[in-house]
């Protein structure tokens with residue numbers, strides 16, 4: 001009996017890594033509730049790259065398993081456990097929000113699976129707690145907003161009101177902005193489930209700063225900009241925003257009122273490199289009614305990075321080789337310059353953008369100039385890896 | 001001082017929105033004894049229907065009847081298909097069923113409209129601000145919301161206290177069994193009350209549409225505060241919902257606006273911010289606890 005079992009399990013073992021079996025990639029993202037479109041962009045951006053290769057990445061057939069975290073850290077953790085323990089998934093990506101990432105990523109990397117972030121990159125995971133199994137393709141949270149600080153300083157503003165929701169990414173946002181801005185900053189913290197910003201509008205009017213910096217991703221950003229306009233502040237106090245507060249969907253919702261707002265970004269849809277143009281064309285063909293945002297671009301880049309690694313390793317069987325292949329970042333990013341720093345977060349360029357009246361009557365983001373070149377993040381120095 | 005007045009107006013405006021939602025919820029809970037978690041979905045449906053019609057026709061005002069009709073019809077349908085089977089069941093079954101409705105409505109809206117939030121423009125006549133006091137410009141549309149909320153409050157007061165239907169509603173809230181025993185068609189009354197509640201939720205939805213992002217799950221964001229209003233005001237009491245709505249709206253706004261600043265003068269550093277935001281965000285729940293300690297049945301308890 002015992003012999004029979006051994007034989008059976010041996011058989012099972014040999015039949016497991018069959019060549020026809022696609023490599024499973026787990027995607028934990030936020031698809032429900034108000035920020036649902038962010039997860040949708042991440043999912044569809046990733047799938048765009050997979051479909052362009054006919055269901056493969058780097059020549060390796062892949063199966064992407066998507067689960068919705070509902071913007072709840074506990075859900076993210078549960079899904080990660082299910083992916084790793086029940087589905088045997090070794091490669092996970094997709095998280096939109098830093099609070100979900102903060103709870104979920106440590107669990108993944110401690111179980112020797114690899115997590116590649118297409119968006120959230122809280123400071124708590126970028127410094128001393130960096131991990132060889134953790135890669136970030138988007139940006140580090142602070143770096144994203146440092147660019148806005150640089151822009152506000154360059155535009156000659158001296159005082160600012162900075163607003164962000166009271167969670168890790170919000171704190172990182174304000175810290176990043178202040179670090180490079182250097183002027184006097186009044187901080188106002190909002191909450192992630194806030195629907196009415198009228199009290200904040202009154203505070204901004206009372207403070208009367210040179211510039212307003214705010215970080216409100218997804219539906220929050222739409223509400224904030226609309227109410228900023230309705231409070232009569234939009235023409236009066238200029239705004240400098242980071243890319244998540246000014247994505248294509250937010251622009252579409254706010255309309256012409258957004259014209260003139262300055263933003264900063266690592267990528268915009270008008271980039272003229274071939275990789276970016278190819279992605280934008282594929283997106284527009286597939287989703288003519290939906291603007292492409294940086295979320296989709298980051299996720300597309302994530303898939304391209306995985307493809308470049310799979311082309312070398314052939315899959316997830318040799319994790320050491322996969323880590324090394326990922327770290328070399330041997331792919332053509334849609335944003336141009338891209339490399340990983342010591343903490344495996346991007347070293348990249350940042351651009352100043354402006355919202356202008358577009359050709360189709362809808363406002364568009366236009367890239368004006370390069371603000372910073374080949375910058376990483378300040379937490380890289382604390383990372384010993 | 002001007003800042004304080006402006007925040008007071010903001011609180012008032014938030015308060016009447018809460019009232020519009022809580023009025024329906026408190027009637028349904030008080031008279032029918034049903035906990036309707038899907039009340040927020042009616043608010044969402046009102047907002048979506050109104051926004052869609054406004055976008056198609058180009059007129060915000062045409063969106064209002066559309067929102068009211070969509071919310072009320074959905075309300076009638078929910079009542080006839082689901083809630084009617086739940087009157088005799090306990091609250092847990094009601095919570096489960098209406099929670100299921102939330103999921104169905106959210107997914108349904110996602111299927112029809114997608115996940116991207118919708119957008120309506122402000123009606124042209126209210127697309128500016130007026131100077132109510134020197135140095136205090138206030139958006140006209142928000143003043144319109146306040147006025148509409150107060151009008152609805154007045155209308156409800158007259159309906160509840162001056163009409164035969166209102167008398168039945170009051171009687172139903174006090175003693176359901178007795179009303180039934182007296183030969184009143186309680187089923188019709190229930191349907192009417194549910195429809196009225198849904199209508200008010202739809203009105204709140206379309207009023208909020210131009211200032212908020214119209215998006216899936218918008219109902220759940222405000223539902224919790226609405227329940228707090230119902231509990232503080234006293235279950236089944238419109239007057240309670242009105243007073244508690246305004247109280248909560250003003251308290252929440254003022255706490256959020258001024259507490260971090262006040263604490264910053266007493267303390268230094270990020271602790272002041274963290275504490276200020278923390279207390280401000282639990283402010284309405286603290287208020288609820290205090291009210292419940294003093295008056296366990298709410299400020300304006302109905303019946304005994």
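Selection of the range B:151-178 for residues being surrounded by fewer than 20 Cβ atoms within 10 Å (Cβ to Cβ) and within 12 Å of residue B:32 (Cα to Cα) yields B:170, B:171, B:174, B:175, B:176, B:177. Within the range A:198-215, being in contact with a strand residue (DSSP E or B) (Cβ under 7 Å, 6 or more places away or on another chain) and either within 25 Å of residue B:137 (Cβ to Cβ) or surrounded by fewer than 19 Cβ atoms within 10 Å (Cβ to Cβ) (or both) holds for A:200, A:203, A:204, A:207, A:209, A:210, A:211, A:212, A:213, A:214.
Tell me whether the range A:179-196 contains one or more residues that are in contact with a helix residue (DSSP H, G or I) (Cβ under 8 Å, 6 or more places away or on another chain), away from chain B (no Cβ under 14 Å) and touching a residue at least 60 places away in the same chain (Cβ under 8 Å). Don't jump to the end; show me each part of the working.
Let us first name the residues in the range A:179-196 that are in contact with a helix residue (DSSP H, G or I) (Cβ under 8 Å, 6 or more places away or on another chain), namely A:179-183, A:185-196.
Within this subset, residues satisfying the condition of being away from chain B (no Cβ under 14 Å) are A:179-183.
Add one more test, that the residue is touching a residue at least 60 places away in the same chain (Cβ under 8 Å), and what stays is A:179.
Within the range A:179-196, one or more residues are in contact with a helix residue (DSSP H, G or I) (Cβ under 8 Å, 6 or more places away or on another chain), away from chain B (no Cβ under 14 Å) and touching a residue at least 60 places away in the same chain (Cβ under 8 Å).
Just one of the listed residues (A:166, A:208) is closer than 19 Å to residue A:245 by Cβ and within 14 Å of chain B (Cβ to nearest Cβ), namely A:166.
Quick one: count up the residues across the range A:63-87 that are surrounded by fewer than 22 Cβ atoms within 10 Å (Cβ to Cβ) and either touching a strand residue (DSSP E or B) at 6+ places or on another chain (Cβ under 7 Å) or part of a strand (DSSP E or B) (or both). Spell out the reasoning first.
Step one: of the range A:63-87, the residues surrounded by fewer than 22 Cβ atoms within 10 Å (Cβ to Cβ) are A:63-68, A:70, A:72-75, A:77-78, A:81-82, A:84-87.
Retained after the next criterion (residues that are either touching a strand residue (DSSP E or B) at 6+ places or on another chain (Cβ under 7 Å) or part of a strand (DSSP E or B) (or both)): A:63-68, A:87.
Going through the range A:63-87 one residue at a time, the tally reaches 7.
The set of residues from the range B:264-287 being touching a residue at least 12 places away in the same chain (Cβ under 8 Å) and either surrounded by fewer than 19 Cβ atoms within 10 Å (Cβ to Cβ) or within 12 Å of chain A (Cβ to nearest Cβ) (or both) comprises B:264, B:272, B:273, B:275, B:276, B:277, B:279, B:280, B:281, B:283, B:285, B:287.
So which of A:235, A:252 is surrounded by fewer than 24 Cβ atoms within 10 Å (Cβ to Cβ) and under 27 Å from residue A:349 (Cβ atoms)? Even if it seems obvious, please write down each step before you answer.
On the way: A:235 fails: under 27 Å from residue A:349 (Cβ atoms).
Going through A:235, A:252 in turn, just one is surrounded by fewer than 24 Cβ atoms within 10 Å (Cβ to Cβ) and under 27 Å from residue A:349 (Cβ atoms): A:252.
Against the list (1) under 21 Å from residue B:10 (Cα atoms); (2) modelled with pLDDT under 90, the condition residue A:201 fails is (2).
The requirement of being in contact with a helix residue (DSSP H, G or I) (Cβ under 8 Å, 6 or more places away or on another chain) and in a loop (DSSP other than H, G, I, E, B) is fulfilled nowhere in the range B:142-159; no residue meets it.
When the range B:99-122 is filtered for residues that are surrounded by fewer than 21 Cβ atoms within 10 Å (Cβ to Cβ), more than 8 Å from chain A (Cβ to nearest Cβ) and touching a strand residue (DSSP E or B) at 6+ places or on another chain (Cβ under 9 Å), only B:113 remains.
Scanning the range A:277-293 for residues that are more than 14 Å from chain B (Cβ to nearest Cβ) and in contact with a helix residue (DSSP H, G or I) (Cβ under 8 Å, 6 or more places away or on another chain) yields a total of 4.
Among the residues of the range B:52-75, count how many are crowded, with 16+ Cβ neighbours inside 10 Å and within 20 Å of residue B:194 (Cβ to Cβ). Step through it out loud before you land on a result.
Taking the range B:52-75 and keeping what is crowded, with 16+ Cβ neighbours inside 10 Å, we get B:52-54, B:60, B:63-64, B:66-75.
This time we only want the ones that are within 20 Å of residue B:194 (Cβ to Cβ), so: B:66-75.
Residues in the range B:52-75 being crowded, with 16+ Cβ neighbours inside 10 Å and within 20 Å of residue B:194 (Cβ to Cβ): 10 in total.
The lone criterion from (1) assigned to a helix (DSSP H, G or I); (2) on the phi > 0 side of the Ramachandran plot left unmet by residue B:198 is number (2). If you check residue B:131 against the conditions, is it within 14 Å of chain A (Cβ to nearest Cβ), free of Cβ contacts under 8 Å to residues at least 24 places away in the same chain, over 27 Å from residue A:70 (Cβ atoms) and not in a loop (DSSP other than H, G, I, E, B)? Answer is yes for this residue.
The values are calculated or read from the model by the stated rules, or taken from the named source; none is laboratory data. Everything numeric here is computed off the predicted structure, so don't read it as measured data. Heads up, the Cβs are rebuilt from the backbone with ideal geometry, glycines too, and the neighbour counts pull from every protein chain shown.
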